[in-house]
Every structure is written in C-alpha cells, then in structure tokens.
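Q: Following this message is one structure expressed as structure tokens.
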C-alpha cells in the first residue's frame, strides 16, 4: 500500500475533521476509531494515558475491537504491568512487534495472544515534549506493508496526540468551570444566608437619612467608606449597598483586614501560581479576582499596616495585579466598600493611615450612629428581631412589657445592635412565649441592662460578667489568640474559659 504526501495530508485532515467537534472522550475515541479503521484495518485500538507522578497508566476510554481477558479498560495500572506501553513511554519511540508469541513472559502480552492477537504497533503520544501516553494498533495477523504503515502512523499519532490533549484540556476546564459555578452559588448563598434586604428595621431620622443616601449611591461605582462603632451594622450596610447595585448578581467578597497576615497578604488577595512557594500545590484565585464584576468589602481597613496599605492603594488605582509567581497582569473590575470603627482622619495625622488611600476609599462616607443615638429604633428592633429569632429556633416569641422596653431604651448599648440581638436571642431561648418584664430582663441577661442612672450597686459577679461580655462583644466572640477576649482582659485563656463556664456565658452568642 502506498500513501503519497497528498494522501497523507488528506488522512490527517479527515481525522481532524472527525474529532474536532467532539465534546466527550467516548465520542472522540469512537469517531477516531471509525476514521482510522477506514484507512488502517486493525483488530484492536486503544489509547493509554500516562501519569508520570504515580508511574501508572489508564485508558483514555474503552478500547475498540478485541477485548483480551483480564485487561480492563476501567482500572488504572502500574506502568510495569503494561510491557509494551512501558517500552514506548520510556523510549519515546514506536515499538513494533510482529510476533507477540515470542514475549509470553509478560502478563499483558499473554492476554493478547490468548485473544488471538499476534502483532502490535505502539506509538508515543507526544505533545510539547511531554509524553502524554501511547496509541496501540493490534492485529490477528501482521500486515504485509508494515514498514510503510509505521511511517504513516507516526504522523497519525502526532495528530491523535493533539486531539487527545485538547480533549483532556476541555474536560479539565469543564470540570473547573462546573466547580467554580458551584463555589459561586455556595459563596453567594453563604453571603446572603444571614442577610436579607427586608431585615433593616428603623424609624429614626438618622437611619432614614442613611438609607436615602444608600439608595443614591448604590448603583454607582463610587467607593464607599462606612464608619461607626462595633456592632452598629457596617457589614449589613455594605451588603445592602451591593444588593441594590447592578453588581448584585456577582460576588460580594469580604476581606477581614485584621486577619490578614503580612506574609500571606499578596497570596490571599492576589492569588498565587502553582509552585510559587513552598506549600503552593495548586493555583489559587485571590479575593480581588473572585470579586471581578462584583464588590470587595474591606472590613476594618484601618488595621492594615503602612506596607499593606501601599499595596492595597496600587490595586485600587490600577485595577490590576499579578498573582504571586506570575508576571502576567490580571485586570479586574470591582467596586470597593470599606468599613472601620476608627477615626481615620486622626490616624492620618499620627501617620498610621495613608492620606492618599483615605481619599481613594472615601468618595462617599456613611456614618452609622450608635444604637444609643437612635433609641427610637430599639422597640421596633426588639419586636422584629424577636420574631426572626423565634422563627429560627422554632419557639414561641416572648412578649416585652412597656417598662422592659423603657429600660432597654435607657441602656447605653456598648455593643450596639449586635449586643441587642444577642439579648433577644437569649430571651427567645430562655423565656420562650413568656412575658418579659424589666426584672426578668435583668435576671436573664446577667444584669447588663441596668440603666446608667440607677443607684443600685452591682455585685462583684455582675461587674465581672458585664466586663467579660463587653470584651466578647468587642472580640466578636473570639476567646483565645491575638484578637481574643482573654488577651484583651489580660487573663490566661484557661482562666477566662473557667469564668465563662461559671457565669454560663456562651461566646457564640457574641459573634
């Protein structure tokens, strides 16, 4: 049989056309097998994939033709259990055996001979100087034109290598895309699990003005700086802005600035390439890339040191960055919202915060007032939060007396709405369906709700409880570590844990 250059070109073109539109391994292999059988009659066709790390082989998909007993296309196997493929992969050259019966000391060859196959031709699949695997043509009887067939199939194997590599890349990208879609759904569901637009409860003039401002700026790309004390709801305001914007269908990515380690700042925010440093076993997408077409929320941005502030400023200005270990710039389109409970203007004066970063973040400023400065919201918040917590815990809602609500309005609320929410949760859990009086509040809230004007002297235990609760509120329920309540109180962690148990305080109620 003779194949001139024109015929060879036609063969490769037809193979390419047969496989180019296939979207699964099985479809590609069957189309390839059909096309090859037209040109090169054979009794068995198979494609092995090689894993260099595990030194193992697996089939690209099921083989075509004769199926030798004991050789399964479903299982991977060590390279040394496949004699012919091992020779091809280790040498990077075709292996031609015109009489398999001379090699009966190899299990895989014995299985082929027992199935009636007497000859085989195996070619390496090489792509970009990498051994991808091997393609095998086996015969009951060796063809007469074997030397010319070797030459043509060498060209064919190069075309097959390209097709197989493209399919593997397509399959991987499809899998990655499906995983990213799943992660996005999970992240978005997680982001909004505790957030609902309808959960804003207010009647006070300050909050009415804030909500009016939010609706003006939400659907713009203006950066927003949200200021206010701990527990005032800055995170909730940021999510509300995102939900009203045209970016609502993309991710809201929260960055907790105090938790960012300087050594991992760039990896966390910009991502890293595989092998960029010890432990970087796979590529990581950074927070800014995740927030592309969405919103980045920089929580407690004042806690960043000057070096990290400079890096953040560059990203905010250029809207591009490089992954750690890569030199290709990545352009991103995100909206920046930041929050802090610190006075940034004072920090600028003391050199603790960059003025240029402040101006970049503070296009629009929203100051969330403390709960004690909008006490007219407290009765409504108690009512609505009680309804929500009762539904969440599947318990009847307690009812508050007028006197109880008056006492709540007189309290100074150092933990703001977060502290009020924790109180309501305790009442739902401890007094479901009951009438809540001023005395019962004092009893079940560890006496933290005595108005500041009272002349009653607190017991030592009451003072200790209140002090511990305020520390837990400030630390968001974290007990140990650098940001924990034990460090803030100057106590060993074990001592604080003992007192939490003694006073029946659960840190989870202060998160």
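Since every read-out is calculated from the coordinates, none of them should be taken as a lab result. Computed from a prediction, not measured in an experiment: that's the story for all the values here. Glycine also receives a Cβ, built like all others from the backbone with ideal geometry; neighbour counts cover every protein chain displayed.
Q: So what's the angle, to the nearest 10 degrees on a 0 to 90 scale, between helix 416-430 and the longest Cα principal axis of the chain?
A: Helix 416-430 sits roughly 90 degrees off the main axis of the chain.
Q: A further question follows. Taking the chain as the reference, fit the longest principal axis to its C-alpha atoms, fit the long axis of helix 460-474 to the helix C-alpha atoms, and give the angle between the two in degrees, 0 to 90, nearest 10.
A: Rounded to the nearest ten degrees, it is 40.
Q: Sticking with this structure for a sec: Which of the peptides 204-212, 334-342, 26-34 is most tightly packed, and how do the rest follow, going by the mean number of other Cβ atoms within 10 Å of each residue? Working shown, then result.
A: Numbers: 204-212: 14.7, 334-342: 22.7, 26-34: 18.1.
Listed from highest to lowest mean packing, they are 334-342, 26-34, 204-212.
Q: Further, regarding this structure: Please arrange 19, 224 by how many other C-beta atoms lie within 10 Å of their C-beta, fewest to most.
A: Details: 19 22, 224 25.
Starting with the residue having the fewest Cβ neighbours, the order is 19, 224.
Q: Using the Kirkwood radius built from alpha carbon pairs, what does the Stokes-Einstein equation give as D for the range 222-322 at 4 °C and 1.567 mPa s, in µm² per second? Don't skip to the answer; put the middle values down first.
A: Working: Rh = 14.7 Å.
Reported coefficient: 88 µm²/s.
Q: Could I ask something else about it? How big is the Cα convex hull of the range 5-172 in projection, averaged over all directions, in nm²?
A: Spelled out: convex hull of the Cα atoms, projected over all directions, averaged, 9.3 nm².
Q: What is the angle, in °, between the Cα long axis of helix 205-217 and the longest principal axis of the Cα atoms in the chain? Nearest 10 is fine, range 0 to 90.
A: Compared with the principal axis, the helix lies near 30 degrees.
Q: Given the -39500 (n - 2.57) contribution per DSSP H run of 4+ residues, what per-residue ellipticity at 222 nm results for the chain, rounded to the nearest 500 deg cm²/dmol? Numbers along the way, then the final one.
A: Values: 19 runs with 232 residues, N = 511.
Taking each H run of at least 4 residues, the total per residue is -14000 deg cm²/dmol.
Q: Sticking with this structure for a sec: For a protection proxy built on the mean count of beta-carbon atoms within 10 angstrom, sort 143-156, 234-247, 396-409 highest first, please. Could you put the intermediate results ahead of the total?
A: On the way: 143-156: 14.8, 234-247: 20.2, 396-409: 17.4.
Output ranking for 143-156, 234-247, 396-409: 234-247, 396-409, 143-156.
Q: Within the chain, what percent of beta bridges assigned by DSSP are antiparallel, to the nearest 5? Don't skip to the answer; put the middle values down first.
A: Numbers: 31 of 52 bridges.
In the chain, DSSP labels about 60 percent of beta bridges as antiparallel.
Q: Okay, next question. Please order 88, 95 by the number of other Cβ within 10 Å, starting at the fewest.
A: On the way: 88 25, 95 20.
The most exposed by this proxy come first: 95, 88.
Q: Next up: Can you put 157, 138 in order, fewest other beta carbons within 10 Å first?
A: Values: 157 21, 138 25.
Result, fewest neighbours first: 157, 138.
Q: Arrange the peptides 56-67, 479-490 so that the one whose residues have, on average, the most other Cβ atoms within 10 Å appears first.
A: Working: 56-67: 18.5, 479-490: 16.2.
Highest to lowest by the protection proxy: 56-67, 479-490.
Q: Where does the range 371-510 land on Rg(C-alpha)/(2.2 N^0.38 Å)? Could the numbers behind the result be given before it?
A: Values: Rg = 15.0 Å, N = 140, 2.2 N^0.38 = 14.4 Å.
Normalised Rg, Cα atoms only: 1.04.
Q: Whole-Å semi-axes of the range 194-367's equivalent ellipsoid, largest first, each the root of 5 times a Cα gyration tensor eigenvalue?
A: Values: eigenvalues 166, 72, 38 Å².
Each semi-axis is the square root of five times an eigenvalue, giving 29, 19, 14 Å.
Q: Oh, and also: Please report the spacing between the Cα centers of the range 122-157 and the range 48-63 in Å, no decimals.
A: 17
Q: If you take the alpha carbon radius of gyration of the chain and divide it by 2.2 N^0.38 Å, what ratio comes out, to two decimals? All intermediate terms of the calculation are to be shown ahead of the outcome.
A: Working: Rg = 34.3 Å, N = 511, 2.2 N^0.38 = 23.5 Å.
Ratio of Cα Rg to 2.2 N^0.38 Å: 1.46.
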